[in-house]
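Read through the structure below, which is laid out as structure tokens, and then see the notes.
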Amino acid sequence: MAKTFIRNRKNQKVSVLIEEAKNQKGLAFIMHGLGGFKEALHIQAMANAFKDKNFTVIRFDTTNTFGESEGDYKQATTTNYYQDLEDVVNWAKSQNWYKEPFVLAGHSLGGICTALYAEKYPKKVLGLAPISTVVSGKLSAEIEETKKWQQTGWRISESKSKPGLIKKLPWSHMEDRLKYDLLPNVDKLTMPVLLIVGEFDDPAPPKHQKILFNKLPGKKEFHIIKGAPHTFVDKEHLLKIKKYFEDWIDSI
């Protein structure tokens with residue numbers, strides 16, 4: 001495992017973790033969600049599945065989150081997360097392990113970012129796994145918690161991955177998110193797609209995932225993990241994610 005810091009288009013430091021496979025069969029980029037970080041348990045579970053299948057795995061902390069990259073969480077947007085993904089992939093092109101097409105996996109806001117990338121560059125993407133994904137800003141805005149957020153101007157929550165950490169996000173985040181929607185260009189997602197969501201996911205509920213799943217044009221699968229919330233921390237849920245990923249990787 002190697003760690004490096006690269007610079008994004010705004011000249012901010014971005015922390016990148018590289019786990020290079022000895023007999024590399026493929027390449028996978030894995031992206032955390034809003035306020036997440038590359039070592040979170042569910043991100044690690046996805047990474048382990050790819051490593052077990054001899055993929056070189058790239059994880060990174062976006063800017064404006066709680067990892068090792070620069071920035072301020074209050075400035076976190078879908079736009080900045082997406083741009084960081086593009087910048088990490090562009091950096092990777094100069095590395096000796098880089099190969100196309102590659103697999104993209106992401107959780108929540110990382111899910112919509114990886115899917116937006118796949119819609120923009122479908123020929124580069126071998127397979128796509130947007131887990132507990134945001135489908136559109138419009139659907140996010142319909143959630144009860146989001147309506148309260150608009151009224152108060154702030155969303156204040158405790159991190160599930162780092163208990164005790166209080167996350168404060170202004171409504172301007174949602175104003176940016178409302179620009180994004182996977183559905184208008186969903187016909188571009190012809191590569192194999194894996195969707196997984198927790199039964200009790202409030203921010204990205206199963207009904208949102210079903211809307212996306214039903215419109216996907218290619219080979220696709222969808223799993224709902226019983227009893228699981230939006231962020232997977234329970235050992236049993238993490239093992240299920242790893243198994244679903246391993247089976248799916250074999251199928252692509």
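Bear in mind that the values in this text are calculations on the coordinates, not laboratory data. Bear in mind that the values here come from a model prediction, so they are computed numbers and not experimental data. No Cβ is skipped: glycine too gets one built from the backbone with ideal geometry, and neighbour counts run over all protein chains shown.
Considering the convex hull of the alpha carbon atoms of region 73-121, report its projected area averaged over all viewing directions, in nm², one decimal.
Orientation-averaged projected area of the Cα hull: 3.8 nm².
Find the percent of Cα-Cα distances in region 1-147 that exceed 25 Å, and round it to a whole number.
So the pairs more than 25 Å apart make up 22 percent of the total in region 1-147.
What percent does the relative contact order of the chain come to when contacts are Cα pairs within less than 8 Å and at least six residues apart?
Value for the chain: 18 percent.
Over region 1-135, calculate the relative contact order: mean separation of alpha carbon pairs under 8 Å at least 6 apart, over the residue count, as a percent.
Values: 295 pairs, mean separation 33.2, N = 135.
Reported as a whole number, the value is 25 percent.
Ordered by packing density, taken as the mean number of other Cβ atoms within 10 Å over each peptide's residues, highest first, how do 146-154, 228-236 rank?
Ranking the peptides 146-154, 228-236 by packing returns 228-236, 146-154.
Would you work out which of Gln209, Leu194, Val233 lies farthest towards the positive end of the dipole of region 192-245? Charges go on Cβ: Lys and Arg +1, Asp and Glu -1.
Checked the options; the winner is Leu194.
What share of Cα pairs, in percent, lie more than 34 angstrom apart in the chain?
Numbers: 2687 of 31626 pairs.
Percentage above 34 Å: 8.
Lysines within cross-link reach of Lys167: Cα-Cα under 18 Å, excluding same-chain residues under 8 positions apart?
Result set, ordered by chain and number: Lys38, Lys74, Lys147, Lys148.
Which of the peptides 50-57, 88-95 is most tightly packed, and how do the rest follow, going by the mean number of other Cβ atoms within 10 Å of each residue?
The peptides rank, most packed first, as 50-57, 88-95.
Could you give the length gained on full extension between Leu183 and Ala141, defined as 0.36 nm per residue of separation minus the Cα-Cα distance, in nm?
Result: 13.6 nm gained on full extension.
For region 169-252, what D do you get in µm² per second when you plug the Kirkwood radius from alpha-carbon pairs into Stokes-Einstein at 10 °C and 1.306 mPa s?
111 µm²/s
Sort out for me the Cα centre separation of region 44-92 from region 26-40, rounded to whole Å.
Between the Cα centres of region 44-92 and region 26-40 lies a distance of 5 Å.
How much length is gained if the chain between Ile18 and Gln75 is pulled fully straight, taking 0.36 nm per residue apart and subtracting their Cα-Cα distance, in nm to one decimal?
Numbers: separation 57, 0.36 × 57 = 20.52 nm, distance 2.64 nm.
Gain on stretching Ile18 to Gln75: 17.9 nm.
Size of region 63-190 along its principal axes in angstrom, Cα-based, largest extent first?
46, 34, 21
Of all GluC sites (Glu not before Pro) in region 92-154, which ones are in loop regions per DSSP and have a Cβ with at most 15 other Cβ atoms within 10 Å?
On the way: sites: Glu119, Glu142, Glu144, Glu145; in loops: Glu142.
Taking region 92-154 and a limit of 15 other Cβ atoms within 10 Å, the loop GluC sites (Glu not before Pro) found are Glu142.
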